[in-house]
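Inspection log for the structure reproduced underneath, given as C-alpha coordinates.
The values are calculated or read from the model by the stated rules, or taken from the named source; none is laboratory data. This is a predicted model, so every value here is computed, not measured. Every residue, glycine among them, receives a Cβ derived from its backbone with ideal geometry; neighbour counts consider all protein chains shown. Please note that ligands, DNA and RNA were not included when accessible areas were found on the heavy atoms of the full protein model with its side chains. Shrake-Rupley method; radii C 1.70, N 1.55, O 1.52, S 1.80 Å.
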Amino acid sequence: MPRWTAYGKTFAEHECIGAQRIIRLPAPITARRLRLRILEAPACPAISEIALFRQVQPVAVAPARSSDPTILSTKGWHIVAATAPGAEALLDDDAATRWTTPAPTPGTPVSVTIDMGQVVALAGVSISPSRTIAKDVSPPRDYRCETSVDGTHWEAAGSGELANIAYALATQRLTFDHPRPARFLRLSFDAPALPTGSIALAGIGAFTVKR
(Lines give C-alpha, C1' and ligand atoms only; values in the text may rest on other atoms or scores of the structure.)
Protein backbone atom coordinates (compact mmCIF):
# COMPACT_ATOMS: atom_id res chain seq x y z
CA MET A 1 0.00 0.00 0.00
CA PRO A 2 1.67 3.28 -1.10
CA ARG A 3 1.09 6.60 0.67
CA TRP A 4 2.11 9.96 -0.82
CA THR A 5 2.86 12.97 1.40
CA ALA A 6 3.90 16.55 0.74
CA TYR A 7 4.79 19.02 3.51
CA GLY A 8 3.78 16.35 6.00
CA LYS A 9 0.27 16.07 4.55
CA THR A 10 -1.04 12.86 3.01
CA PHE A 11 -2.68 13.62 -0.33
CA ALA A 12 -3.04 10.12 -1.78
CA GLU A 13 -3.18 6.60 -0.42
CA HIS A 14 -3.87 3.57 -2.61
CA GLU A 15 -3.44 -0.16 -2.88
CA CYS A 16 -1.61 -2.07 -5.63
CA ILE A 17 1.14 -0.61 -7.81
CA GLY A 18 1.05 -2.20 -11.24
CA ALA A 19 2.86 -1.39 -14.46
CA GLN A 20 2.68 2.36 -15.18
CA ARG A 21 0.32 3.00 -12.27
CA ILE A 22 -1.15 6.51 -12.54
CA ILE A 23 -2.75 8.16 -9.51
CA ARG A 24 -4.90 11.17 -10.35
CA LEU A 25 -5.61 13.82 -7.72
CA PRO A 26 -8.96 15.59 -7.48
CA ALA A 27 -7.12 18.92 -7.87
CA PRO A 28 -3.50 20.10 -8.42
CA ILE A 29 -1.40 20.75 -5.30
CA THR A 30 1.67 22.90 -4.72
CA ALA A 31 4.67 21.28 -3.08
CA ARG A 32 8.48 21.43 -3.01
CA ARG A 33 9.15 17.96 -1.67
CA LEU A 34 7.33 14.69 -2.13
CA ARG A 35 7.57 11.44 -0.16
CA LEU A 36 6.41 7.97 -1.14
CA ARG A 37 5.98 5.51 1.74
CA ILE A 38 5.33 1.81 1.18
CA LEU A 39 3.26 0.68 4.15
CA GLU A 40 2.69 -2.94 3.20
CA ALA A 41 3.88 -5.34 0.50
CA PRO A 42 3.69 -9.12 -0.03
CA ALA A 43 7.34 -9.09 -1.18
CA CYS A 44 10.28 -6.70 -1.38
CA PRO A 45 9.02 -3.58 -3.28
CA ALA A 46 10.79 -2.88 -6.59
CA ILE A 47 10.09 0.55 -8.17
CA SER A 48 12.12 1.65 -11.18
CA GLU A 49 10.72 5.14 -11.73
CA ILE A 50 8.49 7.81 -10.18
CA ALA A 51 7.19 10.72 -12.26
CA LEU A 52 4.95 13.73 -11.65
CA PHE A 53 2.70 15.45 -14.14
CA ARG A 54 0.06 18.10 -14.41
CA GLN A 55 -2.73 17.51 -16.87
CA VAL A 56 -6.40 18.27 -17.27
CA GLN A 57 -8.90 15.46 -16.84
CA PRO A 58 -8.83 13.41 -20.06
CA VAL A 59 -11.83 13.24 -22.32
CA ALA A 60 -13.54 9.86 -22.24
CA VAL A 61 -12.86 7.75 -25.30
CA ALA A 62 -14.77 4.83 -26.73
CA PRO A 63 -13.56 1.41 -25.53
CA ALA A 64 -11.26 -0.48 -27.85
CA ARG A 65 -12.93 -3.12 -30.00
CA SER A 66 -11.20 -6.43 -30.56
CA SER A 67 -10.81 -7.72 -34.10
CA ASP A 68 -10.76 -11.32 -32.83
CA PRO A 69 -13.80 -12.98 -34.46
CA THR A 70 -13.95 -15.67 -31.75
CA ILE A 71 -14.85 -13.19 -28.99
CA LEU A 72 -18.58 -13.26 -28.33
CA SER A 73 -20.58 -10.06 -27.99
CA THR A 74 -22.30 -9.63 -24.63
CA LYS A 75 -25.21 -7.85 -26.30
CA GLY A 76 -28.36 -9.78 -25.43
CA TRP A 77 -26.79 -11.46 -22.38
CA HIS A 78 -28.45 -11.01 -19.01
CA ILE A 79 -27.84 -11.91 -15.39
CA VAL A 80 -29.90 -14.83 -14.10
CA ALA A 81 -28.61 -14.82 -10.52
CA ALA A 82 -25.85 -13.17 -8.49
CA THR A 83 -24.79 -13.07 -4.86
CA ALA A 84 -24.98 -9.26 -4.81
CA PRO A 85 -26.90 -6.63 -6.80
CA GLY A 86 -25.34 -4.69 -9.67
CA ALA A 87 -23.91 -7.66 -11.59
CA GLU A 88 -25.22 -6.13 -14.84
CA ALA A 89 -22.01 -4.05 -14.80
CA LEU A 90 -20.16 -7.23 -15.80
CA LEU A 91 -21.86 -7.20 -19.20
CA ASP A 92 -21.83 -3.50 -20.17
CA ASP A 93 -18.44 -3.59 -21.94
CA ASP A 94 -17.26 -0.66 -19.81
CA ALA A 95 -14.03 -1.08 -17.83
CA ALA A 96 -14.96 1.93 -15.66
CA THR A 97 -17.93 0.13 -14.08
CA ARG A 98 -17.67 -2.82 -11.73
CA TRP A 99 -19.60 -5.38 -9.73
CA THR A 100 -18.71 -5.34 -6.05
CA THR A 101 -19.83 -8.05 -3.66
CA PRO A 102 -18.89 -8.99 -0.09
CA ALA A 103 -15.99 -11.44 0.00
CA PRO A 104 -16.95 -15.12 0.19
CA THR A 105 -16.82 -17.08 3.40
CA PRO A 106 -15.73 -20.73 3.74
CA GLY A 107 -18.30 -22.91 2.02
CA THR A 108 -20.21 -19.92 0.60
CA PRO A 109 -18.62 -18.69 -2.64
CA VAL A 110 -19.44 -15.55 -4.56
CA SER A 111 -21.18 -16.48 -7.82
CA VAL A 112 -22.88 -15.07 -10.89
CA THR A 113 -25.01 -16.90 -13.48
CA ILE A 114 -25.34 -15.55 -17.02
CA ASP A 115 -27.76 -16.39 -19.83
CA MET A 116 -26.07 -15.82 -23.20
CA GLY A 117 -29.41 -16.03 -25.02
CA GLN A 118 -28.54 -18.93 -27.32
CA VAL A 119 -26.49 -22.10 -27.41
CA VAL A 120 -22.94 -21.53 -28.70
CA ALA A 121 -19.82 -23.65 -29.06
CA LEU A 122 -17.96 -22.24 -26.08
CA ALA A 123 -14.17 -22.51 -25.92
CA GLY A 124 -13.54 -20.47 -22.77
CA VAL A 125 -14.30 -17.38 -20.70
CA SER A 126 -12.54 -14.15 -19.79
CA ILE A 127 -12.50 -12.38 -16.44
CA SER A 128 -11.56 -8.69 -16.21
CA PRO A 129 -10.65 -7.17 -12.83
CA SER A 130 -11.65 -3.64 -11.97
CA ARG A 131 -8.84 -1.13 -12.55
CA THR A 132 -10.42 1.33 -10.15
CA ILE A 133 -8.48 0.91 -6.93
CA ALA A 134 -10.61 1.09 -3.80
CA LYS A 135 -9.93 0.40 -0.16
CA ASP A 136 -10.73 -3.10 1.12
CA VAL A 137 -11.55 -4.38 -2.40
CA SER A 138 -9.65 -6.83 -4.62
CA PRO A 139 -10.30 -9.23 -7.50
CA PRO A 140 -10.97 -12.92 -6.81
CA ARG A 141 -8.04 -15.26 -6.21
CA ASP A 142 -9.39 -18.21 -8.19
CA TYR A 143 -12.45 -19.30 -10.15
CA ARG A 144 -14.73 -22.20 -11.02
CA CYS A 145 -16.76 -22.19 -14.24
CA GLU A 146 -19.78 -24.33 -15.05
CA THR A 147 -21.83 -24.43 -18.25
CA SER A 148 -25.35 -25.52 -19.06
CA VAL A 149 -27.53 -25.83 -22.14
CA ASP A 150 -30.86 -25.56 -20.31
CA GLY A 151 -30.01 -23.76 -17.03
CA THR A 152 -30.86 -26.88 -15.02
CA HIS A 153 -28.16 -29.45 -15.75
CA TRP A 154 -24.64 -28.13 -15.16
CA GLU A 155 -21.19 -29.41 -16.10
CA ALA A 156 -17.81 -28.32 -14.74
CA ALA A 157 -15.91 -26.48 -17.46
CA GLY A 158 -12.76 -25.21 -15.75
CA SER A 159 -11.18 -23.98 -12.54
CA GLY A 160 -7.91 -22.59 -11.30
CA GLU A 161 -5.96 -19.66 -9.96
CA LEU A 162 -6.18 -16.18 -11.47
CA ALA A 163 -2.42 -15.63 -11.44
CA ASN A 164 -1.22 -12.18 -10.34
CA ILE A 165 -4.62 -10.65 -11.07
CA ALA A 166 -4.49 -8.29 -8.07
CA TYR A 167 -1.28 -6.60 -9.22
CA ALA A 168 -1.29 -6.88 -13.01
CA LEU A 169 -5.02 -5.98 -13.16
CA ALA A 170 -5.17 -7.62 -16.59
CA THR A 171 -7.96 -9.58 -18.25
CA GLN A 172 -7.59 -13.32 -17.72
CA ARG A 173 -8.44 -15.48 -20.77
CA LEU A 174 -9.32 -18.98 -19.54
CA THR A 175 -9.56 -21.77 -22.11
CA PHE A 176 -11.58 -24.94 -21.49
CA ASP A 177 -10.05 -28.38 -22.05
CA HIS A 178 -12.38 -28.78 -25.02
CA PRO A 179 -15.16 -26.70 -26.64
CA ARG A 180 -18.66 -27.38 -25.36
CA PRO A 181 -22.21 -26.34 -26.28
CA ALA A 182 -23.54 -23.88 -23.71
CA ARG A 183 -26.13 -21.19 -23.22
CA PHE A 184 -25.65 -20.54 -19.50
CA LEU A 185 -22.46 -19.68 -17.61
CA ARG A 186 -21.96 -19.87 -13.86
CA LEU A 187 -18.77 -18.47 -12.34
CA SER A 188 -17.92 -18.94 -8.67
CA PHE A 189 -15.15 -17.40 -6.58
CA ASP A 190 -14.02 -18.84 -3.24
CA ALA A 191 -11.66 -16.12 -1.96
CA PRO A 192 -10.34 -12.63 -2.68
CA ALA A 193 -6.84 -12.30 -4.12
CA LEU A 194 -5.90 -10.06 -1.17
CA PRO A 195 -7.23 -10.10 2.41
CA THR A 196 -10.09 -7.68 1.69
CA GLY A 197 -13.73 -7.51 2.70
CA SER A 198 -15.07 -7.29 -0.85
CA ILE A 199 -14.47 -8.67 -4.34
CA ALA A 200 -14.82 -6.56 -7.48
CA LEU A 201 -14.86 -7.39 -11.20
CA ALA A 202 -15.25 -5.16 -14.24
CA GLY A 203 -16.35 -7.71 -16.80
CA ILE A 204 -17.00 -11.30 -17.83
CA GLY A 205 -16.80 -12.46 -21.43
CA ALA A 206 -16.54 -15.63 -23.49
CA PHE A 207 -15.07 -16.85 -26.75
CA THR A 208 -15.93 -19.55 -29.22
CA VAL A 209 -13.85 -21.87 -31.40
CA LYS A 210 -11.63 -20.50 -34.16
CA ARG A 211 -13.43 -19.92 -37.40
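Summary table below
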quantity	calculated
Accessible surface, the stretch 170-211, averaged per residue in Å² (probe 1.4 Å)	46 Å²
Whole-Å distance, taken between Cα centres, linking the stretch 120-198 and the stretch 28-47	32 Å
Residue (of 182, 195, 205) at the positive-pole extreme of the stretch 172-211, dipole from beta-carbon charges	182
Accessible area of the stretch 63-114 divided out per residue, in Å², using a probe of 1.4 angstrom	58 Å²
Carbon and sulfur %, accessible surface of the stretch 99-211 computed with the full protein complex present, 1.4 Å	51 percent
Table column - 3J(HN,Hα) (Hz), the stretch 196-205, Karplus curve with 6.51, -1.76, 1.60, x for Gly and Pro	10, x, 9, 10, 9, 9, 8, x, 10, x
